[in-house]
Every structure is written in structure tokens, then in C-alpha cells.
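For reference, the structure is listed below as C-alpha cells.
Bear in mind that the values in this text are calculations on the coordinates, not laboratory data. Predicted, not measured: the structure shown is a model, and the values here were computed from it. Here the Cβ positions follow ideal geometry from the backbone for every residue, glycine too, while neighbour counts run over all protein chains shown.
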Amino acid sequence: MGRRQVLMPMLPGMPDAVAGRPAKAHARPPLRTLEQAIARSRDIIAEALERYPIVARQALVSGGNDSSVLLHLVRDYLDSSPHDAVVHVNTGIGIDDTRQHVRDLTAAWNLPLRELHPRDSYEDLILGQVIARTGPNAGIRSVWKGFPGPGGHGVMYRRLKNEPLQRNRAAIIGTHGRSQKVLYLAGMRWGESDRRFRNAAEIDPDGGIIWCSPLVHWTNEQMRQYRELHLIPRNPVAEHLHMSGECLCGAYAKPGELDEIEFFYPRTAYRIRSLEKKVEAAGMPACKWGQAPPGGKQPKPGSVPGRLCSSCPAPLADQQMDLMDLWAQSGLLTPTTTPAPALVPVPIPEVAA
């Protein structure tokens, strides 16, 4: 049967004030048609498969709408070995609705799902309970204390996202990284918008992992066309928050972001506010989610430490508006009324009788 469109409420999200896009985003003229974009994507994947001894193909899905397009495009590549799968990193500090969206999507498309979890929890990290295992501080010092702020984004990325992906790679190829490779298909794009900073390569070798971004050259219009053509189900979390919400470490949170999360997902916000109380009770100065620790180091504007955190740009502080102020100026919030959400079409599969 076909699919129908229903209307889901949506409020405008907070735009990012960030510095530019990578120069290589402009290196190749934009492809003129969706068919050409799809053909180029398949050429990129074919090149990766020809150049490297790939023993497992895995599509990395965050739950965002870009990653859903990626999954639909590459789903036919995930049947060459028992290790082929859809991979979702459950950071443990995200919105549960996004996890469920990924589970529902993979089940509907009959694709195997591997849900990875970090060895160290976000709560343990911010409470200073994770002790360094290697290096000069091994067994002596905590790797982090308090909420991260921009200066701690690299730590959070390595512990919450990269570590489970590396462990997943090791479980497949062990120490045979020279003769065997895991292909990670990811949905990064060069030009998602003028306010997003994407730093990705078509094919990027990294030891036993080959990162492949087959959508890297796609424009927003091509993404829209593909979603409409194939009626790709949208994640309501991404529609509401304009991000997948799979990781809320808070390192690059915008002013008012926790209020926005609370508006749509109060249980998630309650958990974060509960963590704030625990961190404050532990006597740590960095006790506010989404705020830079006192005296904390600030990364360069636009820097993105981590391939899978391309939607975490460093904001330009003097240009970033508070979300609630934005809603108020748009007439969506008044002292006596609640926001009037816009209506956004979201494709929902028909259920067979």
C-alpha cells in the first residue's frame, strides 16, 4: 500500500551562528539532478569497496533525517557478510524517542540493527568517576569533572561515540587492521546549510576503519527531493528540535536549548536538571548543563572535533540569540499564550489491514 502524509506540529529551531563552511565544499560544481547525485554516491561507495579489503559494511544512523536518507540509499549494500548492519550509538544522554525511531525504521526496512553503548556513562564522566586508564594520569585522575562546555567536547566525543565504534571495529577485525577493514557509511555533507559546518571527506581511511560519506556532495534540495520521492519517514525529534537529539552532552548547547528540550521532551530535561543537582552537590564549578565551565578553554569558532558531531558547531557568542527570545520576537510566546506551532508534513507509513 502507499503512504499518507499527516501534519505534525513544529516550532522554529535555533539557527547556529557559526563561521563558514570548509573550502572543499565549493571545490566541485553542484550536481544538477537527483539522479546524478545518486550515481555519484554509488560511485563513491564502489570506489571504497574496490580500494580496500572491506569485510563489514555498516551504516551509521543517528536518527536524524539525513541519516534516514543515507540508510535508504545504502540499504542494499548491507547484505554481504554477517557483520553488515545498521549501527546506532546510544550515548545514554539522548532523547529516547530518537532511539525508538531508529529501531522502528530498521524494523520496517528489515535491516539488522546494532545498538552500541559507551563503556563509560555520561553521568559517571561528569561526576568525575571515570579514572584515566592510560597515560601519565592512569589510575590517578578523573578524565573529566562537571558538564563539559565547548572545551570538553573532544572528551565527550571520544568516550560516548568514538569508543563504542572502535570497540565494534575491534570485535569484527581484531588486530587485522591492515588486511581487513570495516566500512562505516555516514551521512555527513559539505553544504547542509550556510550555518552548519561540515568537515567530511568522501573516503577517509582511519586504521581499520574506512569512513565513507556518500552524501557528502548532496544539496538540501536533493535531500528534500529524495525524501519526497521515497516517502522517507521523518523523526519527530528532528522536526521539533532541528537535530536528532541522540547526544545531549551539552558541550555546544545554544542559549535556551534546555528550555526548548523541556518544551517538547520534559522527561529528558528533568533528567538533565537532576544531573545538574548531582554535579552541584559534588561541589563542581561546572554544574550547569550547556554552559562553559568557569575559566574553561574555548575552541576556535566553527571547529568540529569528531566526524559524527558535525551538527555541533562552535557558536559565535556575540551572534547567538537565546531560543526563547527568538520565539517571543516571532510572536510564538507571550505572557498569556502558548506557542502556536507551524504544521509540517511528515510521511507516515500506512498500516496494512
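The convex hull built on the alpha-carbon positions of segment 38-84 has an orientation-averaged projected area of 3.5 nm². Among Glu163, Glu260, the ranking by other beta carbons within 10 Å of each residue's beta carbon, starting with the fewest, stands as Glu163, Glu260. In terms of other Cβ atoms within 10 Å, Leu78, Leu125, Leu231 run from fewest to most in the order Leu231, Leu78, Leu125.
Computed extension length for Asp104-Ser81: 6.0 nm, one decimal, from 0.36 nm per residue of separation with the Cα-Cα distance subtracted.
Residues Phe263, Phe147, arranged from fewest to most other Cβ atoms within 10 angstrom of their Cβ, appear as Phe263, Phe147.
Provide the net charge surrounding Gln129, with neighbours chosen by a C-beta distance below 14 Å and charges set as Lys +1, Arg +1, Asp -1, Glu -1. Summing Lys and Arg as +1 and Asp and Glu as -1 gives +3. Take the Cα of Arg32, step 7 Å toward its Cβ, do the same at Arg119, and the gap between the two points is 5.3 nm. Could you tell me what % of all Cα pairs in segment 70-125 have separations over 16 Å? Looking at segment 70-125, the distances longer than 16 Å represent 48 percent of pairs.
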